[in-house]
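First up is the structure itself, then whatever we jot down about it.
The values are calculated or read from the model by the stated rules, or taken from the named source; none is laboratory data. Computed from a predicted structure; not experimentally measured. Please note: Cβ atoms are built from the backbone with ideal geometry, for glycine as well, and neighbour counts cover all protein chains shown. Heads up: the accessible areas ignore ligands, DNA and RNA and are worked out on the full protein's heavy atoms, side chains in. Shrake-Rupley method; radii C 1.70, N 1.55, O 1.52, S 1.80 Å.
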Amino acid sequence: MHIRFALIILLLGSVTLFAADDAKKEINQSDRNRLNPDGSIGLIPYNPKQQQHIDSIAKEVDEAHALINEKLKFLNFEKKIKDSRYGQVSSAREIRLPYEPSYVQHSRYVMKLKGGGGAEGGGFALDEISFWSRKSLTTKNKEPLTIYRDLKNSASGGGLKGLTLSIRTVTSADDVTTTYELEKIQSPWERIKLATAYRDRLTDVLRTIDRYINSKGFIEAKEVKDSILEISIGGDFQEP
């Protein structure tokens, strides 16, 4: 009886141990050699903490898209939307690092809009937003090299479902474009980093539009203040 009981305990312990090993395998995120049955690179799933993080980012992205939609009313009122698009560019930035080639980088973002059929505020809504950059080699006596990067997302799909990164590398001998879809990137950490970068860029867009709104209010207040001052000290009136 005691022997049978001991065997049962040993068997249960072995099953528990194997189950724990399987669980570890499921959350092993260092398996870069993971492959799907068709031979494609296997996706490493999120662990619970990572899943919570990416869900939180997706929620913040939806909130940012909604805030942009609200500010489109102002941009339309200011007649800044042309051909259902709005965007801004940054100044050229030189990249110089010790012992590294030098580059110059240009960046811009473009919002593709839908609607605008004469409803209040123009009726525009964000359809797609793209963050684009071009980095060109400026070091002399080096083969010409230009790298284009385009981080794009469809707001219509919600959250991060349409987020893609395209990288185009152009040399004197070749022109190659590679596209990565967020949901097909193998590493969960890289998926989270890319989603975070997109969310942060949306925050930058909102910040720049807010600066534009604030500047309009500041200019208006200054013009009214100066006008009141001049009207107030206009002197005594008399017959012309």
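Tabulated results
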read-out: Region 23-46 residues that are within 15 Å of Lys184 (Cα to Cα) and modelled with pLDDT of 80 or more, paired with ones that are surrounded by 12 or more Cβ atoms within 10 Å (Cβ to Cβ) and of a type in the set (Lys, Arg) (beta carbon under 6 Å, 6 or more apart); value: Gly42/Arg34
read-out: Hits in region 85-105 - residues which are open to solvent by less than 60 Å² (accessible area, probe 1.4 Å) and part of a strand (DSSP E or B); value: Tyr86, Gly87, Gln88, Ile95, Tyr103, Val104, Gln105
read-out: Selection status of Glu63, open to solvent by 40 Å² or more (accessible area, probe 1.4 Å), in a strand (DSSP E or B) and modelled with pLDDT of 90 or more; value: no
read-out: Every residue from region 173-208 that is aromatic (Phe, Trp, Tyr) and in a strand (DSSP E or B); value: Tyr180
read-out: Conditions (1) open to solvent by 70 Å² or more (accessible area, probe 1.4 Å); (2) in contact with a Pro (Cβ under 9 Å, 6 or more places away or on another chain); number of the one not met by Glu143; value: (2)
read-out: Any pair with Cβ under 9 angstrom, 6 or more apart, that starts in region 154-179 at a residue that is over 25 Å from Ile68 (Cβ atoms) and acidic (Asp, Glu) and ends at one that is open to solvent by 70 Å² or more (accessible area, probe 1.4 Å) and in a strand (DSSP E or B); value: Asp175/Arg168
read-out: Among residues of region 177-199, those that are at pLDDT 95 or above and closer than 14 Å to Gly159 by Cα, counted; value: 10
read-out: Those residues of region 67-84 which are loosely packed, with under 13 Cβ neighbours inside 10 Å and free of Cβ contacts under 8 Å to residues at least 60 places away in the same chain, in sequence order; value: Glu70, Phe77, Lys79, Lys82, Asp83
read-out: Which listed residue is under 17 Å from the mean Cα position of the chain (by Cα), modelled with pLDDT under 95 and either loosely packed, with under 13 Cβ neighbours inside 10 Å or not aromatic (Phe, Trp, Tyr) (or both), from Lys161, Lys135; value: Lys161
read-out: Search result, residues across region 205-217 that are under 17 Å from Ala66 (Cβ atoms) and open to solvent by 10 Å² or more (accessible area, probe 1.4 Å); value: Leu206, Arg207, Asp210, Ile213
